[in-house]
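One structure is given here, and the rest of the page talks about it.
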Amino acid sequence: MSIKDVRIGKIVGCHGVRGDLKVRPASDSDWVGVLKEVALQHGKAAPQVLKIKKTWKHGPLILMHLEGIDSRNAAEPLIGALLFADRDALPAPDEDEFWADDLIGLNVLDTETNRKRGVVKDLLSSGGQDYLEIQLEESDQTVVIPFLERFFPIVDLEAGHITIDLLSDFLTMSTAPVTADRLEQ
């Protein structure tokens, strides 16, 4: 297995006392019940490949039981760890779906001017809706925008860019914008 082939999720909590983990999927969760092992990356520690004993959907999250993680005490230190899988072991995404790692790093081009507006920093999932976190060009600001075709009409992985429509509307909103830390809650 290529340890960091495709990021499939992040451990965001524990469920019960038997070591079950709450996983926020990084994108579509068609891998639930199919995937047999994951690579767990926590901080700067060496990645660890673990066998999956069981996975099941639980609202917007995935519950996962990994071999060797059989208590809440063993599971709690894993909170915050990223989960990766071998691309070949995953069901292929549909034509209009993407793995988070395929989108991260894409240049974001304005549809009207073709000007670079930023770079995709992350794909965030929350309650069935995916959001792109975009590091704005020449700024330390990021914005989080729903990953919908009406806002991002073209995703061109081969060319290394994604086009955005209506970015100026997001930058001038009078209401509090959605931020990455708000989605983590």
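Here is a check on your reading of the model: is V120 of a type in the set (V, I, T), closer than 26 Å to I162 by Cβ and out of contact with any Phe, Trp or Tyr (no Cβ under 7 Å at 6 or more places or on another chain)?
Values: of a type in the set (V, I, T): yes; closer than 26 Å to I162 by Cβ: yes; out of contact with any Phe, Trp or Tyr (no Cβ under 7 Å at 6 or more places or on another chain): yes.
Spelling it out, V120 is indeed of a type in the set (V, I, T), closer than 26 Å to I162 by Cβ and out of contact with any Phe, Trp or Tyr (no Cβ under 7 Å at 6 or more places or on another chain).
Select from region 103-122 the residues that are surrounded by fewer than 17 Cβ atoms within 10 Å (Cβ to Cβ) and basic (K, R) and write down the one among them that is farthest from K22 (Cα to Cα).
Of everything passing the filter in region 103-122, R115 is farthest from K22 (Cα to Cα).
Count, please, the residues in region 1-28 that happen to be part of a loop (DSSP other than H, G, I, E, B) and either buried (at least 19 other Cβ atoms within 10 Å of the Cβ) or more than 19 Å from the chain's Cα centre (by Cα) (or both).
If we filter region 1-28 for residues that are part of a loop (DSSP other than H, G, I, E, B), which is where we start, we get 1-5, 16-19, 26-28.
Next cut, either buried (at least 19 other Cβ atoms within 10 Å of the Cβ) or more than 19 Å from the chain's Cα centre (by Cα) (or both) only: 1, 16-19, 26-27.
Of the residues in region 1-28, 7 are part of a loop (DSSP other than H, G, I, E, B) and either buried (at least 19 other Cβ atoms within 10 Å of the Cβ) or more than 19 Å from the chain's Cα centre (by Cα) (or both).
Listed residues W99, W31, W56; which is of a type in the set (F, W, Y) and more than 23 Å from L132 (Cα to Cα)? Full working, then the answer.
Details: W99 fails: more than 23 Å from L132 (Cα to Cα); W31 fails: more than 23 Å from L132 (Cα to Cα).
Going through W99, W31, W56 in turn, the sole match is W56.
I'd like the full set of residues that are at pLDDT 90 or above and surrounded by fewer than 15 Cβ atoms within 10 Å (Cβ to Cβ), limited to region 38-52.
Matches in region 38-52: V49, K51.
For region 65-116, enumerate the residues that are touching a Cys at 6+ places or on another chain (Cβ under 9 Å) and small (G, A, S). Please lay out each step first, then the result.
Just the residues of region 65-116 that are touching a Cys at 6+ places or on another chain (Cβ under 9 Å), to begin with: 72, 75-76, 78-79.
Selection gives A75 alone.
I need the full set of residues from region 22-37 which are farther than 14 Å from L63 by Cβ and at pLDDT 85 or above, in order please. Don't jump to the end; show me each part of the working.
Filtering region 22-37 for residues farther than 14 Å from L63 by Cβ gives 26-28, 30, 34, 36-37.
Selection gives K36, E37.
Which residue is modelled with the highest pLDDT, if the candidates are limited to region 77-102 and must be exposed (fewer than 14 other Cβ atoms within 10 Å of the Cβ) and over 15 Å from the mean Cα position of the chain (by Cα)?
Ranking the candidates gives P77 first.
Identify, please: which residue in region 123-166 is surrounded by 15 or more Cβ atoms within 10 Å (Cβ to Cβ), in contact with a Phe, Trp or Tyr (Cβ under 8 Å, 6 or more places away or on another chain) and farther than 17 Å from W99 by Cβ and is, among those, modelled with the highest pLDDT?
Of all residues in region 123-166, those surrounded by 15 or more Cβ atoms within 10 Å (Cβ to Cβ) come to 123-126, 130-136, 142-145, 147, 151-152, 155, 161-165.
Narrowing further to those that are in contact with a Phe, Trp or Tyr (Cβ under 8 Å, 6 or more places away or on another chain): 123-125, 130-132, 143-145, 147, 155, 162-165.
Those still in the list that are farther than 17 Å from W99 by Cβ too: 143-145, 163-165.
Details: V143: 88, V144: 89, I145: 88, T163: 93, I164: 90, D165: 87.
So, considering only residues that are surrounded by 15 or more Cβ atoms within 10 Å (Cβ to Cβ), in contact with a Phe, Trp or Tyr (Cβ under 8 Å, 6 or more places away or on another chain) and farther than 17 Å from W99 by Cβ, the one modelled with the highest pLDDT is T163.
Which condition breaks for L61 when tested against (1) under 17 Å from the mean Cα position of the chain (by Cα); (2) touching a residue at least 40 places away in the same chain (Cβ under 8 Å); (3) exposed (fewer than 15 other Cβ atoms within 10 Å of the Cβ)?
Of the numbered conditions (1) under 17 Å from the mean Cα position of the chain (by Cα); (2) touching a residue at least 40 places away in the same chain (Cβ under 8 Å); (3) exposed (fewer than 15 other Cβ atoms within 10 Å of the Cβ), the odd one out for L61 is (3).
The values are calculated or read from the model by the stated rules, or taken from the named source; none is laboratory data. These numbers were taken from a predicted model, which means no experiment stands behind them. Ideal geometry is used to build each Cβ from the backbone, glycine not excepted, and the neighbour counts take in all protein chains shown.
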